[in-house]
Amino acid sequence: MMKKIGWRRLRLATQLLFWALLLLPLAGFPWFRGTYVSSRFLGLPLTDPFAAAQVLAAGGRWLAGAAALGLVLVILLYLIFGRAFCAWVCPLGSLMEGVDWIGARLLPNRWPARRAAWPRWSRWAVALLLLLLSAATGQALFEWLSPQATLMRSLLFGLGLQLTLVALALLFDLFVLRRGWCRSVCPAGALYSLLGRGALLRVGHDRATCDRCGRCIQVCPMNGRETLLETVAGRGPAQADPWVCSNCGDCIDACPHHSLGFVPVWRVQKAEKPARTAGEDRRRALGILGGAVLAAGISVARPMLAAPAGRRLLRPPGALPEPFFLGLCLRCGQCAQACPRSAIRIARWEHGLSTGTPYIAARETACDLCGGQAPACAAVCPTQALHLEPGEPVRMGTAVIDATRCLAHMGDICRSCFNACPLRGRAIVLEGALRPVVDPALCTGCGLCEEHCLVEPAAIHVEPLNP
């Protein structure tokens, strides 16, 4: 049955299904929120393992409660299906597959002769470097630079210059190295490979029926020489290399003798492991020593690289102090999708290191504090970068009045800010029954006063709080 349908067709249908799932919020369906970095599916929080590792490195905090349960579920899926996310789910991966298909027909000789010469450890070096830099800067750096996360945020929250990252990844794939981002650079893929090394599902090889035609090696998008050459040559376990293979199924479709197929790991023909040489032991020891030296050097440099202490953007309710907020925020956008007033926006490249994080442009759409209920944004945050204890007051910032521009302070009758304030008579009072005055001890910084000010630009604005 599957030979007739083909794994490629099934994979393309699955990719379309996950594209539709990602874009459901744009059609008004709340079943899925966030991106594939961190999301909620029918209320169940799901978080990418590499994103969780960055949060641990940058913010020193592990996921807890339902978020931790969702992370365990995701890890279990990788331990069953291996690195299948890259081929079957990832939006950037499916986009690259389409670019690869088009490029093969329009530019058949687009890759250099040594297109497979990149070292296998390059993605591991990128992953280690990003985790170390996340620890040094206090930010989940890959979610700031990731082309796949950028693609998803752009589709959900608006396009911008940040799509340059996606274009660079596609050009790298098209002209430098086939699936170069996926198999040689992507640090998340490196972690998926580690989990896939112990996965239950493998591409198994029946050596008795194989005539070594090499078609599987030619069609493999992850470099068949790395994934299949050894097993086709009769060396090692009779399986595609789980460190590299994404379980896409292309090789299974291409095999004319049905010598390849998905099998459980216990049905894979094993091979004796060769003894490690002294040279391998030395290289491993030098690698560990080099990693330790690099980690120590970055730790010393952390004060120079740390996230900014000051807050330039008005953050949603419950935002932790800026260094901790930037260290924990996964830039998944769930808070923006949960906001009933659509007041939360996603920062773009012009906001620098805050790109992808949530903020509120009070002049355009202020926060109404969810009508006095528990803020929806803080409730869905997977890492508690937005967090409020029950009964804890909201403190986002403080409204500041420019008396030289305020109509009421210049003698006119205007109560726009006073009437808009949810704490009128307390956070904003009328001095002499005319002039508004802000009590900074009670002001929540919601920005409703700024949104409703009649003067342009507003004579009252919210200064973000820097606790």
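The values are calculated or read from the model by the stated rules, or taken from the named source; none is laboratory data. Note that this is a predicted model, so its numbers are computed, not measured. Cβ atoms come from the backbone with ideal geometry, glycine included; neighbour counts cover every protein chain shown.
So which residues in the range 428-444 are closer than 20 Å to Arg405 by Cβ and either part of a loop (DSSP other than H, G, I, E, B) or small (Gly, Ala, Ser) (or both)? Residues satisfying the conditions are Gly432, Leu434, Pro440, Cys443.
Checked against (1) farther than 25 Å from Leu200 by Cα; (2) touching a Cys at 6+ places or on another chain (Cβ under 6 Å), Leu63 meets all criteria but (2). The single residue among Arg348, Arg341, Arg311, Arg331 that is touching a residue at least 60 places away in the same chain (Cβ under 8 Å), charged (D, E, K, R) and within 26 Å of Gly391 (Cβ to Cβ) turns out to be Arg311. Each residue in the range 332-374 was checked for being outside any helix (DSSP H, G or I) and among the polar types (S, T, N, Q), and 5 pass. Filtering Tyr36, Tyr78 for residues that are in a loop (DSSP other than H, G, I, E, B), closer than 29 Å to Phe262 by Cα, aromatic (Phe, Trp, Tyr) and touching a residue at least 60 places away in the same chain (Cβ under 8 Å) leaves a single hit, Tyr36.
Using the structure shown, decide if Leu194 is part of a helix (DSSP H, G or I), outside the structural domain of Cys255 (by TED's automatic domain parsing) and over 21 Å from Val244 (Cβ atoms). Reasoning before the result, please.
Details: part of a helix (DSSP H, G or I): yes; outside the structural domain of Cys255 (by TED's automatic domain parsing): yes; over 21 Å from Val244 (Cβ atoms): no.
Against the criterion (part of a helix (DSSP H, G or I), outside the structural domain of Cys255 (by TED's automatic domain parsing) and over 21 Å from Val244 (Cβ atoms)), Leu194 does not qualify.
Could you tell me whether any residue of the range 115-125 is in a helix (DSSP H, G or I), charged (D, E, K, R) and either farther than 30 Å from Leu12 by Cβ or modelled with pLDDT of 85 or more (or both)? The answer is yes; a qualifying residue exists. Within the span defined as the range 25-37, one or more residues are over 16 Å from the mean Cα position of the chain (by Cα) and surrounded by 16 or more Cβ atoms within 10 Å (Cβ to Cβ). Looking for something among the β-branched types (Val, Ile, Thr), buried (at least 19 other Cβ atoms within 10 Å of the Cβ), in contact (Cβ under 8 Å) with a residue 12 or more places away in the chain and part of a helix (DSSP H, G or I) - is there at least one such residue anywhere in the range 375-397? Among the residues of the range 375-397, at least one is among the β-branched types (Val, Ile, Thr), buried (at least 19 other Cβ atoms within 10 Å of the Cβ), in contact (Cβ under 8 Å) with a residue 12 or more places away in the chain and part of a helix (DSSP H, G or I), which makes the answer yes.
Filtered by the rule that a residue be crowded, with 17+ Cβ neighbours inside 10 Å, out of contact with any strand residue (DSSP E or B) (no Cβ under 6 Å at 6 or more places or on another chain) and in contact (Cβ under 8 Å) with a residue 24 or more places away in the chain, the range 154-178 gives Leu156, Gln162, Val166, Ala169, Leu170, Asp173, Leu174, Leu177, Arg178.
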